[in-house]
Amino acid sequence: MLGFPVRRPAPRPLSSRSTSALRRRIVLGTLVVLALALITISFRESSDGPLHDAQGAVASALQPLEIAVERVARPFRDAYGWADSLLTARSDAKRLKEENDALRQQLIQNGFALRENERLRGLLDFRAGPAFPRDYEGLGTSVIARPTGAFAEAVVVAVGARDGVTLNAPVVTEDGLVGLVTRVYAGSSRVTLLSDEQLAVSAADVDSNAAGIVRHGRASTSTLILDRVPKEEVVEVGDTIVTAGWRSSRLASLYPEGIPIGTVTSVGQTDTDPYKQVQVTPFARLSALDAVLVLVQKPTAAGAP
């Protein structure tokens, strides 16, 4: 075996496909290296260097081509924008038509409700009570004392009978209802606050029209409760509570309709209680009063039947 010479096969030449792939890789690598070199030189070169001049020359040479491409592409871009705006306009028109139909139906229903309301008022000879603030004047005054003991939930204000204050006059601040005048002297008055356990206010939920009675909170003097609200009524956290201002025959609420009281902060109910448990935080800061408005009825409102 060692005596016979071994013939080695001749090396095969690279195929054209392999050569082409190798050539593309070399060209790509060269271009990448060249691009990195140009970027590095461009960053390091001053603004008046030859590379920047070459860039400006190339940009000037390509500007006519860019303008031509822009002119060719503009009609297509405008056509696309027109078609898109047309589709959007049709969608908006459909939505606006649906909203218009809903508003028209609502207007019709409101018209029926208004006529029905006027008819019922005429049948019942309805007489509304004084409205707030239209039928009242606010008598501004400062808080001069805060009694202790049995009258802890009360304040004394610096206006009285000489100023036109009457018994059971509502008292408010710029935020909402504070309480009721329960004692009138010549030059001062005592105001019992909403947080007093002896005070109760007929109230209503502005959002759902659920009615109840606002009383002092058992847990804290800064919290009130909206009592006597049936379970089937809808009351939600965040709803606004105002005075109801009811009127029946010659009897009427001590508070005019629409005075803000507070906002609902908690709603709950149990299987054994027929009413909801609704907590209300008053708008007025009952524990930090320094000035109030005593509401005095205007002569026309006070003399109304």
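None of the figures in this text is laboratory data; all of them are computed from the coordinates on show. Because the structure is a prediction, the values reported are computed rather than measured. Note that we place each Cβ from the backbone using ideal geometry, even for glycine, and neighbour counts take in every protein chain shown.
Gain in length, ARG95 to VAL32, computed as 0.36 nm per residue apart minus the alpha-carbon separation, to one decimal in nm?
My answer for the length gained is 17.2 nm.
Which lysines have a Cα less than 28 Å from the Cα of LYS231, not counting those fewer than 8 places away in the same chain?
Cross-link targets: LYS276.
Take each of the peptides 253-264, 78-89, average the number of other beta-carbon atoms within 10 Å over its residues, and list them starting from the highest.
The densest-packed peptide leads the list: 253-264, 78-89.
Between beta-carbons, use under 13 Å as the cut-off and find the net charge around GLY160, counting Lys and Arg +1, Asp and Glu -1.
Combined, the nearby Lys, Arg, Asp and Glu give +2.
May I ask you to give the average projected area over all directions of the convex hull of the Cα atoms of the stretch 193-295, in nm² rounded to one decimal?
7.3
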